Amino acid sequence: MSPELDFSEPFTFSFFARSFADRFPDEKFVACYSLTTAAASSFIPLHCEPITTTAAWAAYSFTVPAEAKYVAVHCVSHDQYMFCLDDLTIRGRRIIQTEGTPMASQMTAPAIIDRCSVKEQANDEMPNALASTSRDISDSHMANTLEEMLRWNKYPTYEVYTELLQHFQETFPNLCQIDTILDTTPHPDLHHSIFAIHISNTLGQATTKPAFLYSSTIHGWEVVCYYMVLRLADYILNNATTDTAVQRLLDNVDLYICPLENPDGTYHLTNDLILKDGIHSTYHNYNDVQMNRNYPLLPGIEDTVNIQPETQAIIDWVTPRHFVMSVNFHCGAEILNYPWDAWTTAQRSHADADWFRYTCQNYASLCQAIDTA
Ligand SMILES: [Zn+2]
């Protein structure tokens with residue numbers, strides 16, 4: 001779905017679409033627009049019969065009334081394989097998803113298709129793509145005890161987060177060690193630390209295994225990935241002897257997971273609640289600094305001023321560990337950034353840009369193939 005539009009004359013909405021490959025079933029989609037809201041029930045098809053794709057990219061273009069507030073492409077095939085969409089353009093301008101821009105998903109088929117026969121629709125709101133931007137987390141979404149947390153359907157309070165890390169270390173002493181990256185963050189009223197979960201089957205031994213870092217939630221209110229990396233640590237630790245993929249990982253990688261890089265942002269007003277009403281968590285740290293843009297750039301290019309205690313602590317902790325690669329998780333958009341994130345490739349290409357593109361494309365395709373949500 002597009003961002004909200006405001007045109008004074010009819011405009012063109014175009015894109016390329018295809019099915020995944022010849023050996024997979026074809027997909028069906030409906031291009032549509034809304035004159036009012038982003039709710040699924042507000043959308044009107046631009047054509048009455050769903051369009052069937054083939055495995056070859058095909059261009060589609062529609063003229064949309066000037067009054068349209070949103071345009072969208074709705075995949076209506078069920079239990080097929082993968083609907084591929086590329087180069088969406090509105091009035092000749094390509095839509096590029098940026099962080100924080102809502103991306104619609106999970107529209108149900110009848111919501112739009114039945115508009116062709118002008119049936120009244122159930123008023124199903126189009127959900128936000130990610131809970132991280134929904135601001136609807138209430139007390140009931142918080143785990144207040146470790147036992148509750150280990151059911152893995154709630155977010156931890158800060159207290160439970162620290163208990164969970166202790167639990168990992170105590171339950172798996174030969175595999176897990178908790179590192180403290182920063183003992184005391186800037187928050188003046190709430191005590192927070194930045195931790196890393198070190199997972200390795202060679203703890204305390206010299207190793208030539210490459211070190212890998214997963215880090216998350218440098219933007220405090222992007223909490224889905226905070227939960228996800230904790231769940232990942234839990235899975236790896238609990239399946240270290242039973243899952244061959246996990247065994248292979250542990251035999252070949254010295255793994256670190258920093259689940260919460262910005263605890264002052266996530267637990268901003270209280271340690272017991274996150275996100276609620278958009279005020280309990282913040283994007284920035286306590287000093288109102290955007291920490292994902294707080295690291296030094298290349299020497300001689302541009303100096304980063306006002307390096308925050310969290311940033312400096314992570315630099316100091318990362319440096320001696322010689323990580324060969326790391327992934328930093330965010331929420332709110334489906335996007336993979338690769339170096340240099342400070343410039344576009346046209347401005348300053350990275351020496352390994354081709355490799356990053358290849359790897360990022362494969363990662364994105366695999367994620368979409370496994371779960372489109
Ligand atoms: Zn982010």
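Every number in this text was worked out from the coordinates using simple rules, so none of it is lab data. Note that the structure is predicted; figures quoted are calculated from it, not measured. Every residue, glycine among them, receives a Cβ derived from its backbone with ideal geometry; neighbour counts consider all protein chains shown.
Given the options Gln205, Gln361, Gln308, which has the most mean-square fluctuation in a GNM of the chain, springs set between C-alpha atoms less than 10 angstrom apart?
Greatest mean-square fluctuation among the candidates belongs to Gln205.
Where both residues lie in the chain, what percent of DSSP beta bridges are antiparallel, nearest 5?
Within the chain, antiparallel bridges account for around 75 percent of the total.
What is the angle, in °, between the Cα long axis of helix 158-171 and the longest principal axis of the Cα atoms in the chain? Nearest 10 is fine, range 0 to 90.
60
If you take the charge dipole of the stretch 139-331 about its Cα centre, with +1 on Lys and Arg Cβ and -1 on Asp and Glu Cβ, which of Thr180, Gln166, His330 is farthest toward its positive end?
His330
How far is it, in nm, from the label point at Asp86 to the one at Glu67 when both lie 7 Å from their Cα along the line to the Cβ?
Using points 7 Å along Cα→Cβ, the separation is 3.7 nm.
Could you derive backbone 3J(HN,Hα) for the stretch 189-199 from the dihedral phi with the Karplus parameters 6.51, -1.76 and 1.60 (θ = phi - 60°), listing whole Hz in sequence and x where the residue is Gly or Pro?
10, 10, 7, 10, 10, 10, 10, 10, 9, 8, 10
Roughly speaking, what is the stretch gain from Asp272 to Ala346, that is 0.36 nm per residue apart minus the C-alpha to C-alpha distance, in nm to one decimal?
Working it through step by step, the gained length comes to 22.1 nm.
What list of ³J(HN,Hα) values in whole Hz, one per residue of the stretch 215-229 in order, does the Karplus curve 6.51 cos²θ - 1.76 cosθ + 1.60 (θ = phi - 60°) give from phi, with Gly and Pro shown as x?
10, 8, 6, 5, 9, x, 8, 8, 8, 4, 6, 4, 4, 5, 6
Given a cut-off of under 8 Å on Cα pairs at least six residues apart, what relative contact order in percent is computed for the chain?
So the answer I get is 15 percent.
Could you sort 41-53, 261-273 so that the peptide with the highest average Cβ count within 10 Å comes first and the rest follow in order?
261-273, 41-53
Let me make sure I get this right: for the chain, a, b and c are the square roots of the gyration tensor eigenvalues over alpha carbons, sorted descending. Under 1.5 in a/c it's rounded, otherwise prolate if a/b > b/c, else oblate. Which is it?
prolate
Distance between Cα centroids, the stretch 318-368 to the stretch 199-234: provide it in whole Å.
What the calculation gives is 17 Å, centre to centre.
Give me the one-decimal nm value for the distance between modelled label points at Leu366 and Ile307, 7 Å along each residue's Cα-to-Cβ direction.
Label-label distance for Leu366 and Ile307, simple model: 3.3 nm.
Could you give me the ³J(HN,Hα) list for the stretch 51-63, computed from phi with Karplus coefficients 6.51, -1.76, 1.60 and θ = phi - 60°, whole Hz, x at Gly and Pro?
Calculated HN-Hα couplings, in order: 8, 9, 8, 10, 6, 9, 4, 10, 8, 10, 9, 9, 9 Hz.
Just to confirm the number: angle between the C-alpha axis of helix 353-370 and the first principal axis of the chain, 0 to 90 degrees, nearest 10?
70
Between beta-carbons, use under 9 Å as the cut-off and find the net charge around Gln80, counting Lys and Arg +1, Asp and Glu -1.
The answer is -2.
Under a plain spin-label model, where a point goes 7 Å from the Cα along Cα-to-Cβ, how far apart in nm are Thr12 and Ile178?
5.8
Could you identify which residue out of Ala68, Ala206, Ala233 has the top mean-square fluctuation in a GNM of the chain using Cα springs shorter than 10 Å?
Highest fluctuation among the options: Ala206.
Amide H to amide H under 5 Å from Phe195: which residues, 5+ apart in sequence or cross-chain, H placed 1.01 Å off N in plane?
Ile181, Leu260
Quote the charge dipole size of the chain about the Cα centre in Debye, to the nearest 20; the model charges only the Cβ of Lys and Arg (+1) and of Asp and Glu (-1).
920
Return the single residue from Asp316, Asp354, Asp179 with maximal mean-square fluctuation; model: Gaussian network over the chain, springs between Cα atoms under 10 Å.
Maximum among the listed residues: Asp354.
Relative contact order for the stretch 139-331: what is it in percent, counting Cα pairs under 8 Å that are at least 6 residues apart?
Numbers: 348 pairs, mean separation 47.6, N = 193.
Dividing the mean separation by the residue count of the stretch 139-331 yields 25 percent.
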